Amino acid sequence: MTIRTRENHTETEGCSAKPAEQLAPWESGPSRSQGTDSVRGTWSSEGDAGHHHPPPRPSADGTPSPLSVNARLEWIATQARKYPDQPFTTLAHHLDEAMLERAFWKLNPRSSPGIDRVTWRRYRRDLATHMEELHSRLVRGTYEPQVVVRRWIPKGGGKFRPLGIPALEDKIVQRAVAMILEQIYEQDFCDFSYGFRPGLSCHKALHAVRQGMLSRIRFVIDCDVRSFFDNLCHDELLSILRKRINDGRLLQLIEMWLKAGIMDGGELVFPEKGSPQGSVISPLLANVYLHHVLDQWFVNDVRPNCRGKVVLYRYADDFVIGCEVENDADRIMRVLPKRFGKYGLEISREKTKQVDFRRPRRGYDPRKHGPKPGTFSFLGFVFYGGKTWTTYGRLLQRFRLPPPKIMQPWV
């Protein structure tokens, strides 16, 4: 991250990842095209994806469609399911006052204010006027995101995590865009992705890991991505988004949010890569990025080329891979850093490990049978194999609490 002037902060230097040498069959696959130029979406046309059918309109006199927000979101989801390979060309017109107001009510009223110091309750006092003005700026093209305030929160080990706090109006527009994109990408995301998705939670992810590792899984890869949100490449992300979103208006908004200035103390910087943690739209963008980098690669290239059973469980950038055959785990461990390196990401070699997770046999004796099976961590829980009063070889989990100082409020 470097200090840059406002006129040239949209340039990206050294962020695009270079293709690595093809050393394994899993590295092969569809080439990463930068996509076609995005269509310049309008704020009044009906959206469609390729040759998708537009939503029904009761009259042809040019009046706006009376469809509710829920009906429009459901129509977008239906079109995304029906045409999984077609990009949506016009979506910006859905960002009307009704959609923006719905996004406002979805925000946390007690969240910290951004650089403008405008709180949720203060904004609500004249909500109709604010919605009209915000929508007008979006239509005229005069909307620009404000500077993001950075706060540093402790994460253990003497390290700190950067947290970005956008202004309230930026949160509103980001939430509205996220509501639209969510209808599209929820049809594409894999079942083993649990992070920041409607109807899913950490508890469901932990339960899935616990149940999945009980069946034929003997080796586990405990993975850690180094500073994922700080190293997310803007060019790669926009290229991935163009595969499903070809509306230039929405892509322009997302690019402006990614490249918005960050006030770190008294220093204003403009990021060349990364997405602020704390931004409303960052979790969705992270899921879209890793869906392309990891999930699709695992389903299309890794799983068909493995000798035994392999499973993947992911919550945002935290994921584990289970393998039945040790050779499969060895090959995945070798190729995983190359795959992530193609997209500007880095697998932490210090924290990523391959664990022998075979169940201890009956009458286990370390002097005869060697060391105990290893353990792995996922979402703050340590998983280990053990025995209970009723069953033998059952998978147990133990919660590992962080130091007390980490649990103090930071905002």
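The values are calculated or read from the model by the stated rules, or taken from the named source; none is laboratory data. Computed from a predicted structure; not experimentally measured. Heads up, the Cβs are rebuilt from the backbone with ideal geometry, glycines too, and the neighbour counts pull from every protein chain shown. Ligands, DNA and RNA are stripped out before the accessible areas are found, and what is left, the full protein with its side chains, is counted by its heavy atoms. Shrake-Rupley method; radii C 1.70, N 1.55, O 1.52, S 1.80 Å.
When the residues of region 275-287 are filtered to those that are open to solvent by less than 30 Å² (accessible area, probe 1.4 Å) and polar (S, T, N, Q), the one that is nearest to His234 (Cα to Cα) is Ser275.
So that you can scan it fast, the table gives a plain yes or no per residue for (1) modelled with pLDDT of 95 or more; (2) open to solvent by less than 10 Å² (accessible area, probe 1.4 Å); (3) in a loop (DSSP other than H, G, I, E, B):
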{"position": "Met256", "(1), (2), (3)": "yes, no, no"}
{"position": "Met263", "(1), (2), (3)": "no, no, no"}
{"position": "Lys273", "(1), (2), (3)": "no, no, yes"}
{"position": "Tyr289", "(1), (2), (3)": "yes, yes, no"}
{"position": "Leu294", "(1), (2), (3)": "yes, yes, no"}
{"position": "Val299", "(1), (2), (3)": "yes, no, no"}
{"position": "Tyr313", "(1), (2), (3)": "yes, no, no"}
{"position": "Ile321", "(1), (2), (3)": "yes, yes, no"}
{"position": "Arg349", "(1), (2), (3)": "no, no, yes"}
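Given the condition within 15 Å of the chain's Cα centre (by Cα) and more than 23 Å from Cys323 (Cβ to Cβ), answer yes or no: does some residue in region 205-225 qualify? No, that holds for no residue.
It is to be established whether one or more residues within region 212-234 are surrounded by fewer than 17 Cβ atoms within 10 Å (Cβ to Cβ) and part of a helix (DSSP H, G or I). Yes, some residue in region 212-234 is surrounded by fewer than 17 Cβ atoms within 10 Å (Cβ to Cβ) and part of a helix (DSSP H, G or I). For Ala178, the criteria (1) outside any loop (DSSP other than H, G, I, E, B); (2) open to solvent by 50 Å² or more (accessible area, probe 1.4 Å) hold in every case but one, which is (2). Scanning region 147-167 for residues that are open to solvent by 50 Å² or more (accessible area, probe 1.4 Å) and part of a loop (DSSP other than H, G, I, E, B) turns up Gly157, Gly158. Of all residues in region 227-242, those satisfying the criterion of being touching a helix residue (DSSP H, G or I) at 6+ places or on another chain (Cβ under 8 Å) and not aliphatic (A, V, I, L, M) are Phe228, Phe229, His234, Glu236, Arg242.
Cβ-Cβ distance below 9 Å, separation of 6 or more or different chains: which pairs start in region 223-236 with a residue that is at negative phi and end on one that is among the β-branched types (Val, Ile, Thr) and in a helix (DSSP H, G or I)? Listed by first residue and then by second, the contacts come to Glu236/Val293.
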